[in-house]
Each structure stands twice: as structure tokens, then as C-alpha cells.
Amino acid sequence: MDTLQLMKSRHSVRQYTEQKIEGETLETLKAELKSAEEKSGLKFCLYLDEPYAFDCHISRKIGFKNANNYIAIIGKKTFENEMNAGYFGTQVVLKAQSLGLNTCFVGGTFSRRKAKYKTENGEKLLCIITVGYGETQGVPHKNCSIDKLCDFRGDMPPWFMKGMDYAMLAPTALNKQKFRFILRNGNEVKLVPRGGACKGVTLGIVKYHFEAGAGKGNFVFV
Ligand SMILES: Cc1cc2nc3c(=O)[nH]c(=O)nc-3n(C[C@H](O)[C@H](O)[C@H](O)COP(=O)(O)O)c2cc1C
């Protein structure tokens, strides 16, 4: 499956079966986490068969079930690190999707008190990604109109359009799509946050998506 197909088939999944992640699938996932750690300078810690993080009222209310496997992304709490958590987290999520696994980025609806992750030297938990075999494949999210998500003058270049198509497939906190891509001077793209929860992580995810669609050679981020 190519990147676009993986992005199209990825939806947040909160209910998982009891099937364990093991064998070659597990080894490939671990290799992807190592690669994400090397590129981002963050920790991508995999917890398997850990029932505590999602054993709380808010998780049950949202509908999480058997969310016993998750990746804790840990590092110093800077905006750049939050963006990297989203950017390289997306690389992991798409690899998981290619392995037949399902995922969900989670910023808030779990128990920080009960979860087993560890931080040291001023590090913080930047985000969690649940991973496992979904009971379903999830459903596509609703999109804002594209006019709200980008700004350009004249005709929209095809590469920019493709970048926007991919960006609109990205998961965003509460599906609020709090971002805007601004095109100026032919090939200069500015990615601007528009507030909201988990701003940095969301922006990193959207950046990864846009870049994959637009093609890195066609533009520069300014
Ligand atoms: C940074 C971030 C944080 C999120 N936090 C939560 C969360 O705390 N609880 C939850 O159930 N879903 C969470 N989500 C999942 C979003 O609700 C979901 O991505 C959005 O509704 C779009 O749906 P989709 O992922 O199926 O495309 C989060 C997503 C992102 C990107």
C-alpha cells in the first residue's frame, strides 16, 4: 500500500481485540520506533499488555476498550519536540497501519497517574499512541472546508492542492483541524497553528501529511 492509501485507510480506533502484537509484526514495529527515536531525539517507549493507562472513567466514557498496548512519546516539553512527536509519531502510525494494526493518538483521555511510563531529568509525556488490532477499521473524519485550512493568491498549484488533500486526512486533536497552510511567492509555505489542544503534536502530524502529498522538492517551509 502506498502512503496515500495508508493515510486514507487510517482512522482512529479505540476498541481493540485481545490479539497480541507479536512475531515479525512486533519486531518491525520496534525497528520503526528505534528509527523514530534516532531521527527525533525523543523516546518512543512501547508498552504491551499494560491495562492501567486506559483503566479510568474518562477512557471508558470515550469508549476505549482493550487499549492495553501503547507508545509513550517522551521528551522535554518544547514546541519543537511536540511537533516532532506528531511528525515522527505519524511515521510510526503509518508503519503500524501497513502491518495491519490500528492506532489512535491520545493527548488527554487516559490516566497519567496509573500509566506505567517513566520520565526523568525534566522530561514530560508529550503524547500517547494506542496500537493494536482494532475491532473495526474506524471511520473517516469530517473535514472543514478547504478555504478555512489554507490561504493562497491566484491559482492553486497542483502540488499545493495535493499537499492539502493529504493534510486533510491527518488526525487532529478533537478533529478541530486547527491549522492553516499559507502559500506565498510561488513556493513558500507557512504552516500556522490556530490554537486548540495538543497544538504542537497536531501541527507535526499535519506537516508530515502535507509534505508527503506536496513533495519536498516543490516547496520550502518558511
Ligand atoms: C494530538 C492529538 C490528540 C488526540 N487526543 C485524543 C484523546 O485524548 N482522546 C481521544 O479519544 N482521541 C484523541 N485524538 C484522536 C482524534 O479525536 C482524532 O484523530 C480525530 O477525531 C480525527 O479522527 P481520525 O483520527 O479518525 O481521522 C487525538 C488526536 C490527535 C492528533
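None of the figures in this text is laboratory data; all of them are computed from the coordinates on show. Everything numeric in this text was worked out from a predicted model, so none of it was measured. Positions of Cβ are generated from backbone atoms using ideal geometry, with glycine treated the same way; all protein chains shown enter the neighbour counts.
List of remarks:
- Extension gain for VAL220-MET1 works out to 76.1 nm (0.36 nm per residue, less the C-alpha to C-alpha distance).
- Spatial offset of region 145-222 relative to region 16-34 amounts to 31 Å, using the alpha carbon center of each.
- Ratio of Rg to Rh over region 161-222 (Cα coordinates, Kirkwood Rh, two decimals): 0.95
- For region 44-71, backbone nitrogen atoms closer than 16 Å to the point 7 Å from ASN121 Cα along Cα-to-C-beta are found at 44.
- Theoretical FRET efficiency, 1/(1+(r/R0)^6), r = Cβ-Cβ of ALA197 and LYS65, R0 25 Å, to 0.05: 0.65
- DSSP beta bridges in region 146-221 [antiparallel fraction, %, rounded to 5]: 60
- Per-q log10 I(q)/I(0), the chain, q = 0.10, 0.17 Å⁻¹ (Debye; single scatterer per alpha-carbon; no solvent): -0.43, -1.22
- Net lengthening on full extension, PHE79/LYS148 (0.36 nm per residue, minus Cα-Cα): 22.5 nm
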